[in-house]
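Here is the structure we will look at, set down as structure tokens.
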Amino acid sequence: MSHFDHLDLDGHALTLLLAVVEEGSVTRAAQRLGVTQSAVSHGLDKLRAIVGDPLFVKSGRGIVATAHAAELARRARGLLDELRAFSHAAGFDPARLDAEFTIAANDLQRDLLLPGLLRTLRAQAPGVRLHVIASGAPSAELLRDQACHLVITPRPPEATDILQKRLFQDRYAVFFDPALRSAPVSRAEYLAADHVTVLYEPRRWLDIDEWLLAQGVQRRFVATVPGLAALGAMLRGSPWLATAPSLMARTALAGLGVMPVPLKTPAMPMYLVWHQRHQSDPVQRWLREQLQAQVGPALVG
């Protein structure tokens, strides 16, 4: 019988468990937490003794959580939320905050908003760290399982426990390499060209691609890539076109030719999304406010 009991658990132990589960590596978890690998290994040994489970098994060059560890991680996220709420119940001072926020975003919103957000957060709360993950086509489970605190997406999950706020609206544009081809100024030229687009996961195309197909607009795709930022490498040095949010011209697609789509297309709204359990949390409210404050400078700059 182990001499450890539940009182040996604390927020640091739960945070360590989550870091190893999410990173799939003791080395990367140590880097994320700012501690040594031996400290992480020692913490895992202590957790194994407490819960009576190996927690992780080798898989290729990394490690994966056991079923028991995965369930413990799910519960740990909830307990850490409760601990944060408890510690901030008497008042919230960003300067005293020691926390890591996970935000899910794809290429456009990541590069447009999150660098400025990190600078703002660190100026007000030097103890804050930002963990950014790809959102793809996000599901409600991403927020329900507490895998992240916020999602920035044009596709908010439809669920009664998921809240959202519109951040901004973009339009779609055509990107091309002006050294290799001229702008497709007509519908006929646009449809006669070969195209590159984004496919986040099987059968999950960009909204614009699904919308055009529903209108009966057929295009020839020569390649699909996993994210908007990858379009640039495909377009440079080629005669191909890509239809993407126009704000990509300020980030990964800067320097390419850009023009309005030569046919009617819908606008592309962008939303900030969170779970209802964080609605009244002062820390989460502060985080949302800081992110929303990045929109104006990002759109003007």
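If you go through segment 163-180, how many residues are touching a residue at least 60 places away in the same chain (Cβ under 8 Å) and open to solvent by 40 Å² or more (accessible area, probe 1.4 Å)?
Total meeting the criteria: 7.
Taking the options Glu71, Glu82, Glu23, name whichever one is within 20 Å of the chain's Cα centre (by Cα) and without any contact (Cβ under 8 Å) to a residue 24 or more places away in the chain.
Every option except Glu23 fails the conditions.
Quick check on this structure: which one of Ala147, Ala137, Ala188 is touching a strand residue (DSSP E or B) at 6+ places or on another chain (Cβ under 8 Å), among the aliphatic types (A, V, I, L, M) and within 26 Å of Val261 (Cβ to Cβ)?
Only one candidate qualifies: Ala137.
Failed condition for Pro239, given (1) in a strand (DSSP E or B); (2) open to solvent by 60 Å² or more (accessible area, probe 1.4 Å); (3) within 15 Å of Val174 (Cβ to Cβ), with all others met?
In the conditions (1) in a strand (DSSP E or B); (2) open to solvent by 60 Å² or more (accessible area, probe 1.4 Å); (3) within 15 Å of Val174 (Cβ to Cβ), Pro239 misses (1) alone.
How many residues are under 22 Å from Ala147 (Cα atoms), in a helix (DSSP H, G or I) and out of contact with any Phe, Trp or Tyr (no Cβ under 9 Å at 6 or more places or on another chain) if we restrict to segment 15-46?
16
Being open to solvent by 50 Å² or more (accessible area, probe 1.4 Å) and either under 22 Å from Ser139 (Cα atoms) or assigned to a strand (DSSP E or B) (or both) narrows it down to one residue among Val273, Val198, Val185, Val222; which is it?
Val222
Is there any pair linking a residue in segment 134-161 that is under 18 Å from Glu210 (Cα atoms) to one that is open to solvent by 20 Å² or more (accessible area, probe 1.4 Å) and part of a loop (DSSP other than H, G, I, E, B), with Cβ under 6 Å and at least six apart or on different chains, and which?
Short answer, once both residue conditions are applied: Ala137/Arg155; Pro157/Ser139.
Quick one: in segment 201-215, of everything that is part of a loop (DSSP other than H, G, I, E, B) and open to solvent by 50 Å² or more (accessible area, probe 1.4 Å), which residue is modelled with the highest pLDDT?
Gln215
Output yes when any residue across segment 28-40 is exposed (fewer than 14 other Cβ atoms within 10 Å of the Cβ), of a type in the set (Ser, Thr, Tyr) and out of contact with any strand residue (DSSP E or B) (no Cβ under 7 Å at 6 or more places or on another chain), and no when none is.
Yes, some residue in segment 28-40 is exposed (fewer than 14 other Cβ atoms within 10 Å of the Cβ), of a type in the set (Ser, Thr, Tyr) and out of contact with any strand residue (DSSP E or B) (no Cβ under 7 Å at 6 or more places or on another chain).
Checking Leu253 against (1) open to solvent by 40 Å² or more (accessible area, probe 1.4 Å); (2) within 18 Å of Asp107 (Cα to Cα); (3) in a loop (DSSP other than H, G, I, E, B): exactly one of these is not met. Which one?
Condition (1) is where Leu253 drops out.
Out of curiosity, is Arg288 in a helix (DSSP H, G or I) and closer than 16 Å to Ile152 by Cα?
Yes.
The values are calculated or read from the model by the stated rules, or taken from the named source; none is laboratory data. Here the structure is a predicted model, which means the values were calculated and not measured. Backbone-built Cβ (ideal geometry, glycine too); neighbour counts: all protein chains shown. For accessibility, only protein heavy atoms count, side chains too; no ligands or nucleic acids. Shrake-Rupley method; radii C 1.70, N 1.55, O 1.52, S 1.80 Å.
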